[in-house]
Amino acid sequence: MANTTKTNRTTEADKEEIVRLRKAGMSKRAIVDKLGKSIGTVSHWCLVLGIDSPQPKTAKGAAKPFMRNGREVRQFNPEEDRQLLDWAREGISKAEIAKRLGRSASSVSYRLLTLARRDRLSERGSRR
């Protein structure tokens, strides 16, 4: 049986360094190069830890689906966001929400993290 254990786990020290570098204005790509982690790993921890981009992106029009690793990726639309948030507030499981939206459970989890981060940012902005 092959050993499938990951050898490059993200340690607490790695997470702290990602936070420090991101807050210092370093791009995710530069953090990847410095720490030797994948872009997915750095992006994941930035999202989970609520680290905002040094240069916030401006809102754009509706994005078209695109391909990633041979699979079509479609962005959430405002109606799906509203439905997702309503169901989450009702206590419906992420797996059930994913099934209802025709999405993966991980997509639902990450979208909820993104929406929570946006909510925190808009609250911060309205207090200024």
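Mind running the shape call on region 66-127? Use the C-alpha gyration tensor, a ≥ b ≥ c as the square roots of the eigenvalues: rounded below 1.5 for a/c, prolate if a/b tops b/c, oblate otherwise.
Oblate.
Tell me the net charge near residue 105. Cut-off is 14 Å between Cβ atoms, residue 105 excluded, with +1 for each Lys or Arg and -1 for each Asp or Glu.
Here the charged neighbours net out to +4.
At a Cα cut-off below 23 Å, give the lysines reachable from residue 64, other chains included and same-chain residues fewer than 8 away excluded.
Cross-link targets: 99.
I need the peptides 86-93, 28-35 ranked by packing, meaning the mean over residues of other C-beta atoms within 10 angstrom, with the highest value on top.
For the peptides 86-93, 28-35, the packing ranking is 28-35, 86-93.
Report the gain in length on full extension from residue 34 to residue 110: 0.36 nm times residue separation, minus Cα-Cα distance, nm rounded to one decimal.
24.9 nm
Near residue 35, within a Cβ-to-Cβ distance under 14 Å, what is the net charge of the other residues, with Lys and Arg +1 and Asp and Glu -1?
Value of the local net charge: +3.
Rule-based calculations on the coordinates, nothing more; no lab input. Because the structure is a prediction, the values reported are computed rather than measured. Every residue, glycine among them, receives a Cβ derived from its backbone with ideal geometry; neighbour counts consider all protein chains shown.
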